[in-house]
Amino acid sequence: MYGILGEEDSDAQSLKVLVRGLANQANMSILARGFSGCGDLLNKGSRQLRAFADQGCDRFVVCHDADGADPSEKHNEIMQRVIAPSRIATSYCVVIPVQELEAWILADIEAVSNVFPSWRPAPIRENPEAIRNPKERLQRASQRHNKKPIYDPTTHNQRVAKYLRLDHVRRRCPSFERLSYFVTGIHMTPGRHSL
């Protein structure tokens, strides 16, 4: 059973959907917990991993957005402040989206049409992980005539995640490939950034 931690509840719930999709098991038992930001995750994450282990979890995913910083620094911080103190002796994966988890949605932005049938965005050709503030980009792309965005990441990310073409996201987002490999055991071939 998986135990998933995210900076926010919407991240944890989206990851839950993505892990089930990667495993091709829609009803897989997963425990997930979001926090009220990165500080809360760093301060309380190790206790939560231990609690998940006590509830039978033996595979763990911890997700922390890089927010434009060096992903390796965030990875090391998660290892030192969450993984090591938790003393989990089983499999874990630290996932650091280069900007924000929403970059994975931008990688297959056409998936939003499954949730919003009237919104038919064009594919994003640039590297989604190079886009600064992907969350804002998603919201701007969803603005209507009254300038109000219809897309709210906190409520729509997990709904859209259900429809993402995961192989497509994996090819375009190396940070997603880490999660994909952890769940499936399958490595991607070179050239993953192509459409």
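The values are calculated or read from the model by the stated rules, or taken from the named source; none is laboratory data. All figures in this text were calculated on a predicted structure; none of them were measured in a lab. Here Cβ is always computed from backbone atoms with ideal geometry, including for glycine, and neighbour counts include all displayed protein chains. The area values use the complete protein model at the heavy-atom level, side chains included, leaving out ligands, DNA and RNA. Shrake-Rupley method; radii C 1.70, N 1.55, O 1.52, S 1.80 Å.
For Ser118, the conditions (1) of a type outside the set (Lys, Arg); (2) surrounded by 15 or more Cβ atoms within 10 Å (Cβ to Cβ); (3) part of a loop (DSSP other than H, G, I, E, B); (4) more than 17 Å from the chain's Cα centre (by Cα) are fulfilled apart from (2). Residues that are under 20 Å from Glu7 (Cα atoms) and either modelled with pLDDT of 95 or more or open to solvent by 70 Å² or more (accessible area, probe 1.4 Å) (or both) within region 136-150 comprise just one, Glu136. Of the residues making up region 55-77, those that are more than 19 Å from Ile131 (Cα to Cα) and more than 13 Å from the chain's Cα centre (by Cα) are Gln55, Gly56, Cys57, Asp58, Arg59, Phe60, Glu73, His75, Asn76, Glu77. Leu106 - would you say it is surrounded by 20 or more Cβ atoms within 10 Å (Cβ to Cβ), out of contact with any strand residue (DSSP E or B) (no Cβ under 8 Å at 6 or more places or on another chain) and either part of a loop (DSSP other than H, G, I, E, B) or among the small types (Gly, Ala, Ser) (or both)? The answer is no for Leu106. Taking region 1-56 as the range and being within 25 Å of Glu177 (Cβ to Cβ), of a type in the set (A, V, I, L, M), touching a Gly at 6+ places or on another chain (Cβ under 8 Å) and not in a loop (DSSP other than H, G, I, E, B) as the test, the residues that pass are Leu5, Ala12, Leu15, Ile30, Leu31, Ala32, Leu41, Leu49. Output the residues belonging to region 33-52 that are in contact with a helix residue (DSSP H, G or I) (Cβ under 6 Å, 6 or more places away or on another chain), open to solvent by less than 30 Å² (accessible area, probe 1.4 Å) and not hydroxyl-bearing (Ser, Thr, Tyr). If the condition is that a residue be in contact with a helix residue (DSSP H, G or I) (Cβ under 6 Å, 6 or more places away or on another chain), open to solvent by less than 30 Å² (accessible area, probe 1.4 Å) and not hydroxyl-bearing (Ser, Thr, Tyr), then Gly34, Phe35, Leu42, Gly45, Leu49 are the ones that fit. Checked against (1) part of a helix (DSSP H, G or I); (2) open to solvent by 30 Å² or more (accessible area, probe 1.4 Å); (3) under 25 Å from Cys173 (Cβ atoms); (4) in contact (Cβ under 8 Å) with a residue 24 or more places away in the chain, Gly68 meets all criteria but (1).
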